[in-house]
């Protein structure tokens, strides 16, 4: 599993602040994401790379997988959770063929729910430990890494789409 965040002291984490951080990322990205045309969203960054539709589709898949992890690690710490085949998920869901506005709306709505769910985690549960694809981590780190992963992809996309 590729890690995008630095490990924070779990005792310093707060679920409301993590939820607010995710919401800020969403609300900061939407103004420029909605200016991307259907045509722009359909063109891959370069040959062999994803289009904006596919990048946001990947972030939808990440949201779904991480929402499940967030819920599962609250219910039963110590679980060993699988990774997922990111390329296959994007291909099999045909994000490239969907309308850009639909992909964007799904990404935003699902992540609003992820933020809502994160905001209701009892503080003590942020230290729950589990593993994802063999890597041991806390629930708090999983959330921080999820947000950093999203920011990483949005920054890259914003640069190559030219919406800075």
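Arranged from fewest to most other beta-carbon atoms within 10 Å of their beta carbon, 135, 145 become 135, 145. Footprinting exposure proxy ranking of 143, 129, 161, fewest other C-beta atoms within 10 angstrom first, gives 129, 161, 143. Overall, the anisotropy analysis places segment 1-94 in the oblate class: the square-rooted eigenvalues a ≥ b ≥ c of its C-alpha gyration tensor yield a/c not less than 1.5, with a/b not exceeding b/c. By the count of other C-beta atoms within 10 Å, a proxy for reagent exposure, 144, 99 are ordered fewest to most as 99, 144.
Summed over qualifying helices (DSSP H, 4 residues or more, each -39500 (n - 2.57)) and divided by its residue number, the chain shows a 222 nm mean residue ellipticity of -20000 deg cm²/dmol. Calculated from the alpha-carbon coordinates, segment 10-161 shows an Rg and a Dmax of 15.8, 46 Å respectively.
Just so you know, the Rg over Rh for segment 72-146 is 1.05, from Cα atoms, with Rh as the Kirkwood radius. Given R₀ = 45 Å, what would the calculated FRET efficiency be for residue 16 paired with residue 43, taking r from the Cβ atoms and rounding to 0.05? Here the calculated transfer efficiency is 0.70.
Distance between the 7 Å Cα→Cβ label points at residue 93 and residue 105: 1.6 nm. One chain, two ends: residue 122 and residue 71. Fully extended at 0.36 nm per residue, the span grows by 17.2 nm beyond their Cα-Cα distance. Judged by the gyration tensor of its Cα atoms, with axes a ≥ b ≥ c, segment 109-164 is oblate; a/c meets the 1.5 cut and b/c is at least as large as a/b. Projecting label points 7 angstrom from Cα along Cα→Cβ for residue 27 and residue 136 puts them 3.8 nm apart. The calculated FRET efficiency for the pair residue 158 and residue 112, based on their C-beta separation and a Förster distance of 22 Å, comes to about 0.60.
Rg ratio for segment 26-66: its Cα radius of gyration over 2.2 N^0.38 Å, N being its residue count, equals 1.24.
Laboratory data are not the source of any read-out in this text; all were calculated from the coordinates shown. Just so it is clear, the structure is predicted and the values come from calculations on it, not from any experiment. Reconstructed Cβ throughout: ideal geometry from the backbone, glycine too, with neighbour counts over all protein chains shown.
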